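Heads up, the thing below is written out as structure tokens.
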Amino acid sequence: MTAQLVDESSALAVVAPELQQKIEQFYYYEAELLDEWKFRDWYNLFTGDAHYRLPIRRNRLRRQRFADEAAPRGIEMAHFDANKETLGIYVAQREAGTNWAEDPYSRSRHVISNVRIRPSAAEEGAYDVRSNFIVYRNRLEAEVDLWAGERFDRLRPAGGLYGIADRVILLDQNVVLSKNLSVFF
């Protein structure tokens, strides 16, 4: 079933309930892969031309609040600015145990909510999806990190699931207080 907007002039795009459920289940599956350290399976959810970016947030004046936070690639500094090949290197480090920030490994929990779906205006057959997240991480005896934010994804149908073609992650904090960012969002 294809996504049908109920009211294209509305700021609220409503898609078919079956599509909403299918994409939400895809995100829950992705969260499970990350929480269970199945990073290779998570990596395989990305398309060959995927882009994964976590730009650095800035403090803004009230009048600038709704300015675009996700500047075009390469324009601003980012914690992550990876393509599929770079993501593969990150995953290989975790699989090889050479990532010092994950020895001993962290326990994490990814909670995904507020999934909003629109057919992509930029790419036929794809969906632009916004979702909120909270990622909890516990490491060693007393290290606890909590990140909250929003993701902007472009999903393409692929083999019964979806492929993540683009992901921009916006943390709600502009200064990361964690000792490292060794988790995926």
Cβ-Cβ under 7 Å pairs, at least 6 apart or on other chains, the range 19-43 side farther than 17 Å from residue 106 by Cβ and touching a residue at least 40 places away in the same chain (Cβ under 8 Å), far side polar (S, T, N, Q) and not in a helix (DSSP H, G or I): 27/131
Selection from the range 76-102 of residues that are of a type in the set (S, T, N, Q) and without any contact (Cβ under 8 Å) to a residue 40 or more places away in the chain: 83, 86, 93, 98
Test for residue 131: is it at pLDDT 95 or above and either on the phi > 0 side of the Ramachandran plot or exposed (fewer than 14 other Cβ atoms within 10 Å of the Cβ) (or both): no
Residue in the range 134-147 that is within 24 Å of residue 26 (Cβ to Cβ) and touching a residue at least 60 places away in the same chain (Cβ under 8 Å) present: no
Tally, over the range 144-164, of residues that are open to solvent by less than 30 Å² (accessible area, probe 1.4 Å) and within 17 Å of residue 22 (Cα to Cα): 5
Residues of the range 164-179 satisfying the condition of being over 12 Å from the mean Cα position of the chain (by Cα), under 23 Å from residue 86 (Cα atoms) and of a type outside the set (S, T, N, Q): 176, 179
Checking residue 17 against (1) modelled with pLDDT of 95 or more; (2) under 22 Å from residue 160 (Cβ atoms), the condition it does not meet: (1)
Odd one out for residue 115 among (1) open to solvent by 20 Å² or more (accessible area, probe 1.4 Å); (2) within 13 Å of the chain's Cα centre (by Cα); (3) in contact (Cβ under 8 Å) with a residue 40 or more places away in the chain: (1)
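The values are calculated or read from the model by the stated rules, or taken from the named source; none is laboratory data. Quick caveat, the model's predicted, so the values are computed rather than measured. Using ideal geometry, Cβ is built from the backbone for each residue, glycine included, and neighbour counts are taken over all protein chains shown. Note: accessible area is taken over every heavy atom of the protein model, side chains too, but ligands, DNA and RNA are not part of it. Shrake-Rupley method; radii C 1.70, N 1.55, O 1.52, S 1.80 Å.
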